[in-house]
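Engineer: Below: one structure in structure tokens.
The values are calculated or read from the model by the stated rules, or taken from the named source; none is laboratory data. All values derive from a computational prediction rather than experimental measurement. No Cβ is skipped: glycine too gets one built from the backbone with ideal geometry, and neighbour counts run over all protein chains shown.
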Amino acid sequence: MSIFKRAQGMEFKYHTKLEVQIRRIFLPVLLFFLPCTTLHAQFFGAGYQTVIKSEYQYSDYLSYGYPDPILYEYPDVPYSQPLPYFSAFPEHRFLTKITQYFGFQTSLGLRYQWGYLDKANRQNIYNAELIRELNDQFSVSGAYQYMQANNSQTGADSISGHMFEIGGKFNFAGAVYIEPTYGYYTSGYVYPNAERGGAHSATLKLRQALSSTTAIQVKYNYFYVDYTAPQESRKQYHANTVTVWLSQFLPTETAVHLSGRFYRNTAQTQSFSPSLEIIQYLNWKTILHLCYRYYRNTPREELFLQRITGDYFVTNAVSAILDYSLSANTSILLKYRFYTSNQDIRMSTYLFGFEQIL
């Protein structure tokens with residue numbers, strides 16, 4: 001399960017040589033690139049526009065409980081309270097994304113995200129994605145991501161690695177939509193200090209319009225992990241996830257999405273998560289999103305059970321998003337989410353987003 005806990009971060013002052021090199025290259029290029037994008041839009045037309053998106057998110061833990069202490073039999077074995085499963089929620093998260101369109105068929109997106117989890121944990125993510133429209137129906141894409149999530153107190157638990165992804169899309173006038181993707185994660189992305197191996201992810205998304213106002217969508221993901229850690233035997237597991245959406249557009253300019261997510265892995269861990277989302281178009285510049293999500297997980301692994309109270313956990317999340325356009329090229333996004341679980345957790349999350357088209 002370590003790949004799902006890769007949000008364990010690092011001290012802000014600590015950076016690897018690779019991260020420093022990326023910043024030295026990325027920032028000067030970015031500073032040079034920004035003024036040039038406006039010239040591209042002026043000289044080459046609307047197809048050469050630039051989209052800048054920034055987000056700041058803050059999570060306020062109203063109630064933050066730990067599992068009951070785990071007693072051990074042998075005094076000579078060091079004891080430490082494991083971090084609870086919900087430790088991956090960042091208290092602060094900053095995100096910046098720049099998307100450059102080279103005409104109407106090619107776009108390049110550059111994204112950087114910094115996460116503050118707690119006093120000892122930080123996270124850095126660098127992502128680049130290139131999309132090419134082959135024609136009105138087909139497109140292909142490729143993405144690269146470098147993630148670094150280190151803990152300043154336990155450097156041995158650091159996780160850093162690379163992800164490569166390729167995909168394609170087939171869209172027939174919105175009536176039929178097919179999107180396959182394949183991703184590969186290096187060993188460092190999967191497990192701290194892994195010597196070799198990695199992970200593979202294959203996803204297939206299908207959408208079919210049942211009428212002019214109704215559509216159904218199904219997404220299947222197969223995730224396979226295979227790695228070898230120092231002085232440990234080979235580790236393998238796989239997981240299957242199926243998500244189904246039913247979307248309905250109402251005459252009141254309201255979109256309703258019902259979904260259900262089903263998950264199961266080789267450790268016999270299962271989860272079920274239904275959700276309801278309502279999107280209301282208030283006027284030409286204001287859109288309101290309301291969402292409720294229920295999640296129930298029944299883990300079977302002993303290590304994971306040590307991190308929770310009882311043998312299952314349930315969460316409920318309610319969120320509201322206001323998307324407001326200040327002008328044709330400028331918009332802001334405000335989000336509030338309230339999260340609770342049966343693990344003595346209550347949390348409020350606030351997000352502010354800004355998007356500018358040059």
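Engineer: Does LYS169 meet the test of being among the basic types (Lys, Arg), surrounded by 13 or more Cβ atoms within 10 Å (Cβ to Cβ), at pLDDT 90 or above and under 17 Å from the mean Cα position of the chain (by Cα)?
Structural biologist: no
Engineer: Among the numbered criteria (1) crowded, with 18+ Cβ neighbours inside 10 Å; (2) touching a Leu at 6+ places or on another chain (Cβ under 7 Å), which one does SER160 miss?
Structural biologist: (2)
Engineer: Considering only segment 203-229, state which residues are hydrophobic (A, V, I, L, M, F, W, C) and within 20 Å of ALA267 (Cβ to Cβ).
Structural biologist: Correct list: PHE223, VAL225, ALA229.
Engineer: Determine which member of the set TYR227, TYR191, TYR237 is at pLDDT below 85, among the hydroxyl-bearing types (Ser, Thr, Tyr), more than 24 Å from SER141 (Cα to Cα) and buried (at least 16 other Cβ atoms within 10 Å of the Cβ).
Structural biologist: Unique residue meeting the criteria: TYR191.
Engineer: Sticking with this structure for a sec: Check THR309 against each of (1) more than 30 Å from THR99 (Cβ to Cβ); (2) modelled with pLDDT of 95 or more and name the one condition it does not meet.
Structural biologist: Against the list (1) more than 30 Å from THR99 (Cβ to Cβ); (2) modelled with pLDDT of 95 or more, THR309 comes up short only on (2).
Engineer: Do we find a residue being loosely packed, with under 14 Cβ neighbours inside 10 Å and within 21 Å of LEU282 (Cα to Cα) anywhere in segment 299-314?
Structural biologist: Taking every residue of segment 299-314 in turn, none turns out to be loosely packed, with under 14 Cβ neighbours inside 10 Å and within 21 Å of LEU282 (Cα to Cα).
Engineer: In segment 264-315, how many are under 19 Å from the mean Cα position of the chain (by Cα) and β-branched (Val, Ile, Thr)?
Structural biologist: Of the residues in segment 264-315, 1 are under 19 Å from the mean Cα position of the chain (by Cα) and β-branched (Val, Ile, Thr).
Engineer: Another one. Counting only residues that are more than 19 Å from the chain's Cα centre (by Cα) and assigned to a strand (DSSP E or B), how many does segment 321-338 have?
Structural biologist: Number of matching residues: 7.
Engineer: Additional query: Among the numbered conditions (1) surrounded by 14 or more Cβ atoms within 10 Å (Cβ to Cβ); (2) in contact with a Cys (Cβ under 8 Å, 6 or more places away or on another chain); (3) of a type in the set (A, V, I, L, M), tell me where LEU276 comes up short.
Structural biologist: (1) is the only condition that LEU276 fails.
Engineer: Tally time: how many residues in segment 113-125 are under 15 Å from SER160 (Cβ atoms) and either in contact with a helix residue (DSSP H, G or I) (Cβ under 8 Å, 6 or more places away or on another chain) or of a type outside the set (D, E, K, R) (or both)?
Structural biologist: The qualifying residues number 7.
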